[in-house]
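Here the structure is laid out as C-alpha cells; the discussion comes afterwards.
The values are calculated or read from the model by the stated rules, or taken from the named source; none is laboratory data. Bear in mind that the values here come from a model prediction, so they are computed numbers and not experimental data. Heads up, the Cβs are rebuilt from the backbone with ideal geometry, glycines too, and the neighbour counts pull from every protein chain shown.
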Amino acid sequence: MKQLLEQPTNQTVSTIVTVVILACLGLFVTYVMDVGHSYNDLPFRDSGVFLYAGQQVLEGKIPYRDVWDHKPPAVFYVNALGLLIGKGHIDGIYILEKLSVYAASVCGFFLMSRAFDAISAVFATILWLITLPLILDGGNLVTEYALPWQFLILYLFWSIEKHKTYSWKCVALGIAVSMCFLFKPNTIGIGIAVVVYWLGAHVLVRRTLSSLRPIVLVGVGSVLLGLAIAAYFRVNHAFGALFDAVLRYNIVYSATDSQSKFFSLSDGIATLPSTGIYALALTAWITGLFMVIHNDDQDKTIRPLLAVSLVGLPVELVLSSISGRSYNHYYMAWLPMMTILVAFFAYTLRQHIPTRLDVFGCWRIRLTTVILIGLLVAFWTQQSATMRFKQKANQERYIHVTEYIQKNTHEQEYVLMWGAEAVVNFMSRRPSPTRFVYQYPLYTVSYQSATLVQEFMHDIETNKPVLIIDTSATNGVIPPLNPDQRSGWSPLNDPYGLSYGVLPEMESVFAYIHSHYTLVDTIHAWNVYRRVD
C-alpha cells in the first residue's frame, strides 16, 4: 500500500509537467522581453502618446474627447492599468507587456501541443518568441497587446471544430475578434479567416440556415462588445470624437498608393528571415496548400486549423500593408499564423522521418536539443536587436527637456509640446493645454479643418500654457514658431503619400504665441518659449 501511495498518478505527472512548462515559458518570455527593451530606457513617440493618455484616464479624462489619437481605445486603458499597477511609473507597463506576451505564448503552446505534438509546439513557440525582439519597436504598442487575442481566436476555433459544439465558444471567439479590433483593426485577419472557413466548409456545403449558426454567434459576441464600448463613449460625450479620429483620420492615413503598400509588404518579408520563421512558414504554407488541394489523409482536428492558417496568413499580410507604412511592429500581426504553420511543418516533418533515421530515440533528448538551439538563436537575436536599434537609444533630449520643465513649472501648470512629443508631457507629469497633445491632425490634408484649428486656439487662450516647447527642428511636419524660420519653411514630403499643410487659420495661432510668449532657452535644438503675461 505504501509503495502504491508513493507512485505518482498520471494526473499528478501531468500537473507537474504543466507547471514546469508554464514556469519555463514565463522565464523565457521575461528574457525575450528584456532583450526587446534592452535598447530603450525611455518610451518612443507612439508609446508616449499611449502613456500620456493612460495618465489622463487616471485623472478622469476620456480619450478622444480630452486626448486626441487615431488608435482604437483599448491601448489607452491598458496603459492606465499599467500606470495604476506601477503607481505612475512605466514599470507597470512592462509587467503588462510581459503578461500579454506570456498569455499569447501559453495559449499558442497548448493549442499546438494538442493539435500537433509537444516537440512541434516547443519549436514553434521558441521561434516566434525570439523573433519578437526584432520587431518590438520599443514595446507598448497596439499589435503587441493584440497577440494573446489572436492566439485565443485560433485556440477557440480549434476547440470548436474538434468538439463540434457551436455555442458559447463562438460568442467568446467573437469577443476575441472585437478585442483585436479594439487594439488594431488590422489584426482581425484570423477572425476573417475563421468566417471564410465556416462559409466554405459549412454554408456552401450544407446550404442550410443552421450552418450559419457559428458565424451568427461570432457576430453576436463581436457586436455585444462593440455596443458596450460605443455606449460608454456616448455616455461620456466622446463617441463623435472617437468616430472622427479612429475612422475618418485612418481613412486619410491609409490612402497611400499601391506602390507604398507593396513596399510595406516586402519590407516585412525582409525583416523576418533572420530567425528563419518566414522561410519555414512559407514552406509550410506551400506544403499545406498542396496537401489540402490533393485532399491528403490528415487528422480531422488538424485540417480546419491548417485551412484557417492558409487563408489567414495572406489576409494578415494584406491587412498589415493597408497603410503603406513599414513600421516593424506592424509585422507582429503575422506571428500567430506563421507560428501555427511552423508547428505544422515540424509535425509533418517528424511524421515523415523513417523510424530508422530517428537518431534521437528519447523525447527528452529531442526536447532539450530544441530548447538549446532556441536559446542559442535567442542569444544571437539579443545582439542583433541591440545593434539594430542602437541609434534609437539616444534619448537624452527627452531627459533634459523633462528636467527643465519640472524645474521651471509647477505640477498642475500646462505645457504645450509644439509637435508630436507627448512623451515629455508624460515624463514631466505636466498636462497639455489641448486634446491635440500632438498636432498632426491640424496639418494633415483631407482631415484638417478650420474648426479644429479654432478649437486648438481656444484651448491655448483658455488654459494659457506656461511653456511651449518647439520641436520643429527635429520634425519636418511641424511649422517653426520662429517667424523667420517659418517664412522659408515647407512641410516634409511624406514618403507614404500623406500630405501636410498649414491652413490660413493657423496664422492667428502664430500671432497669439508671438505676442504672449518669448524665447527663453534652447535645449538640444528645441526652442523653449515662456508666457510673458
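Figures for the structure shown
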| read-out | value |
| --- | --- |
| Qualifying positions in region 134-143 - touching a Lys or Arg at 6+ places or on another chain (Cβ under 8 Å) and part of a helix (DSSP H, G or I) | Leu134, Val142, Thr143 |
| Any chance Thr402 is out of contact with any strand residue (DSSP E or B) (no Cβ under 8 Å at 6 or more places or on another chain), over 30 Å from Leu481 (Cα atoms) and either surrounded by 13 or more Cβ atoms within 10 Å (Cβ to Cβ) or modelled with pLDDT of 55 or more (or both) | no |
| Cβ pairs under 8 Å, 6+ apart, first in region 521-533 and in contact (Cβ under 8 Å) with a residue 40 or more places away in the chain and in a loop (DSSP other than H, G, I, E, B), second surrounded by fewer than 16 Cβ atoms within 10 Å (Cβ to Cβ) and not small (Gly, Ala, Ser) | His524/Glu396; His524/His400; Ala525/Thr474 |
| Ser446 surrounded by 22 or more Cβ atoms within 10 Å (Cβ to Cβ), of a type in the set (Gly, Ala, Ser), out of contact with any Asp or Glu (no Cβ under 8 Å at 6 or more places or on another chain) and assigned to a loop (DSSP other than H, G, I, E, B) | no |
| All positions within region 259-291 that are β-branched (Val, Ile, Thr), modelled with pLDDT under 80 and either surrounded by fewer than 16 Cβ atoms within 10 Å (Cβ to Cβ) or over 26 Å from Leu498 (Cβ atoms) (or both) | Thr275 |
| Whichever residue in region 491-512 is closer than 30 Å to Gln259 by Cβ, of a type in the set (A, V, I, L, M, F, W, C) and touching a residue at least 40 places away in the same chain (Cβ under 8 Å) and, among such residues, is surrounded by the fewest Cβ atoms within 10 Å (Cβ to Cβ) | Leu503 |
| Failed item, numbered, when His294 is tested on (1) touching a residue at least 12 places away in the same chain (Cβ under 8 Å); (2) surrounded by fewer than 14 Cβ atoms within 10 Å (Cβ to Cβ); (3) not hydroxyl-bearing (Ser, Thr, Tyr) | (1) |
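So that you can scan it fast, the table gives a plain yes or no per residue for (1) of a type in the set (Phe, Trp, Tyr); (2) under 27 Å from Ser323 (Cα atoms); (3) touching a strand residue (DSSP E or B) at 6+ places or on another chain (Cβ under 8 Å); (4) surrounded by fewer than 21 Cβ atoms within 10 Å (Cβ to Cβ):
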{"residue": "Gln56", "(1), (2), (3), (4)": "no, no, yes, no"}
{"residue": "Gly60", "(1), (2), (3), (4)": "no, no, no, yes"}
{"residue": "Lys98", "(1), (2), (3), (4)": "no, no, no, yes"}
{"residue": "Met112", "(1), (2), (3), (4)": "no, no, no, no"}
{"residue": "Ala121", "(1), (2), (3), (4)": "no, no, no, no"}
